[in-house]
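**Q** First the structure, which I've put down as structure tokens, then a few questions once you've had a look.
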Amino acid sequence: MTIDKWVEAGSDAGRGNLLGIQPWMHIRDYRSAGSFYTALDGYFAAAAGRGWLQPRTVAVLPEYLGTWLVAVNESPALFRAARMGPAMGRLALRHAGAFLAGLLGAPAPDRVKHALFRARAGAMAYAYTEVFATLARRWRVTIVAGSILLPAPYVRAGRVLPGRGALENVAAVFHPNGLANDCLARKHFLTAAEQPFIAPAARPAPAIYDTPAGRLAVLVCADAFYPASYAALAGQGVELLAVPSYLETSHIWQQPWPGYNGGPAPADVRAADIGAISERQAWLRYGMAGRIALAGIPYGVNVFLRGEILDLGSDGATLLARQGAVHETPATARTALASVWIA
């Protein structure tokens, strides 16, 4: 396992750390639960070798990391596909019965995507739970397991399970004993690309967790761009903020920022910034790095999914917040590990 960039904010004071893990993923990493585990375990091993995995560590992985488990246990032909369209077509054909059942009465305008993910939900949730439960137990740490698309998901007896309702973009938190917390972090502010087939959480009410490192809140990607999310956290005693994110367009980090995607901009956003500042500057100004102080939270990490998953792109850099200071990895780093030490 080669780590392109290591970033450390602060020093080990014995109170634990937020560990941002920025993996570089390929579609072949989703062939099975075993290959998914192997792809991720190397990052934990690298962090352990650096002394960055401790009983009070909270490891944070990116948005949509678990979503491509839609391909788990599929035929080798799917993994030879170069583009998303043909690959998803193979999925639909192989699971024609479940796919057609999902099309009927799908509670979303994009019935095809909803039906595909619903057809594979059981296998996805099983692999996601097995892999992150094993990683949490093996390394004895708390894990914010990135996000996954599942229909009306819930947790029972420490396992993430799919329900029968609309698709949601959720992140699970696994405790060191391998059990998922009963509370899932559910994305409320959806992007324009998500809105046709994903249902938003009912309100911007961030999930809060008690961890060995302190009280942790999780905001899934765009939720970190809205003051309402921080207003819901203020006064809750939250010390740590985890933001799993994904940008599916390559080389966008230094491009002009097009503005808010999927909803109107909050009142504090400067109209003159749209098209004038870069995507990177927008994340620093209006995302976690720029807004974390609104809720009085001293420590935060924002990680992005990177990789080559069929013809999807990726971009972004790991961002760290520590007691008012912001640190970042270079966007040229494909893989990165970043530790925010708690004072």
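The values are calculated or read from the model by the stated rules, or taken from the named source; none is laboratory data. Here the structure is a predicted model, which means the values were calculated and not measured. Virtual Cβ from ideal backbone geometry, glycine too; neighbours counted across all protein chains shown.
**Q** Could you list, in sequence order, the residues of the range 164-210 that are hydrophobic (A, V, I, L, M, F, W, C), under 20 Å from A222 (Cα atoms) and not in a loop (DSSP other than H, G, I, E, B)?
**A** L167, V170, A171, A172, V173, A185, A207, I208
**Q** Answer yes or no as to whether R118 is surrounded by 15 or more Cβ atoms within 10 Å (Cβ to Cβ), over 30 Å from E8 (Cα atoms), touching a strand residue (DSSP E or B) at 6+ places or on another chain (Cβ under 6 Å) and charged (D, E, K, R).
**A** Values: surrounded by 15 or more Cβ atoms within 10 Å (Cβ to Cβ): yes; over 30 Å from E8 (Cα atoms): yes; touching a strand residue (DSSP E or B) at 6+ places or on another chain (Cβ under 6 Å): yes; charged (D, E, K, R): yes.
For R118, the condition - surrounded by 15 or more Cβ atoms within 10 Å (Cβ to Cβ), over 30 Å from E8 (Cα atoms), touching a strand residue (DSSP E or B) at 6+ places or on another chain (Cβ under 6 Å) and charged (D, E, K, R) - is met.
**Q** With of a type in the set (G, A, S), touching a residue at least 24 places away in the same chain (Cβ under 8 Å) and within 25 Å of L320 (Cβ to Cβ) as the only criterion, which of G66, G49 stands out? Can you show your working first?
**A** Values: G49 fails: touching a residue at least 24 places away in the same chain (Cβ under 8 Å).
None of the others qualify; the one that does is G66.
**Q** In this structure, does H175 turn out to be in contact with a Pro (Cβ under 6 Å, 6 or more places away or on another chain) and at pLDDT 95 or above?
**A** No, not satisfied.
**Q** Another one. Among the residues of the range 1-37, which ones are of a type in the set (S, T, Y), under 21 Å from the mean Cα position of the chain (by Cα) and either part of a loop (DSSP other than H, G, I, E, B) or within 25 Å of V218 (Cα to Cα) (or both)?
**A** Y30, S32, Y37
**Q** Okay, next question. Of all residues being among the aliphatic types (A, V, I, L, M) and closer than 20 Å to L190 by Cα in the range 261-291, which is surrounded by the most Cβ atoms within 10 Å (Cβ to Cβ)? Just the residue, please.
**A** M288
**Q** Still on this structure, I have one more. Mind telling me which of the residues W52, W24 ends up being within 23 Å of E130 (Cβ to Cβ) and buried (at least 18 other Cβ atoms within 10 Å of the Cβ)?
**A** When all the criteria are applied, what remains is W24.
**Q** I've got another one for you. R322 - would you say it is in contact with an Asp or Glu (Cβ under 9 Å, 6 or more places away or on another chain), crowded, with 17+ Cβ neighbours inside 10 Å, under 30 Å from T211 (Cα atoms) and charged (D, E, K, R)?
**A** no
**Q** Something else: Taking P109 as meeting all but one of (1) modelled with pLDDT under 95; (2) buried (at least 16 other Cβ atoms within 10 Å of the Cβ), write down the number of the exception.
**A** For P109, the exception is condition (2).
**Q** Another question, if that's okay. What residue, among those in the range 292-319 that are surrounded by fewer than 20 Cβ atoms within 10 Å (Cβ to Cβ) and of a type in the set (A, V, I, L, M), is nearest to G146 (Cα to Cα)?
**A** In this case the residue turns out to be L312.
**Q** So, in the range 44-92, of the ones that are hydroxyl-bearing (S, T, Y) and outside any loop (DSSP other than H, G, I, E, B), which residue ends up nearest to P176 (Cα to Cα)?
**A** The extreme case among them is T57.
**Q** Follow-up question, since we're still on this one. Within the range 122-163, how many residues are touching a Phe, Trp or Tyr at 6+ places or on another chain (Cβ under 9 Å), of a type outside the set (V, I, T) and part of a strand (DSSP E or B)?
**A** 8
**Q** From (1) surrounded by 15 or more Cβ atoms within 10 Å (Cβ to Cβ); (2) closer than 22 Å to G20 by Cβ, pick out the condition that doesn't hold for P204.
**A** (2)
**Q** What number of residues within the range 132-152 are out of contact with any Leu (no Cβ under 6 Å at 6 or more places or on another chain) and either surrounded by fewer than 24 Cβ atoms within 10 Å (Cβ to Cβ) or polar (S, T, N, Q) (or both)?
**A** 10
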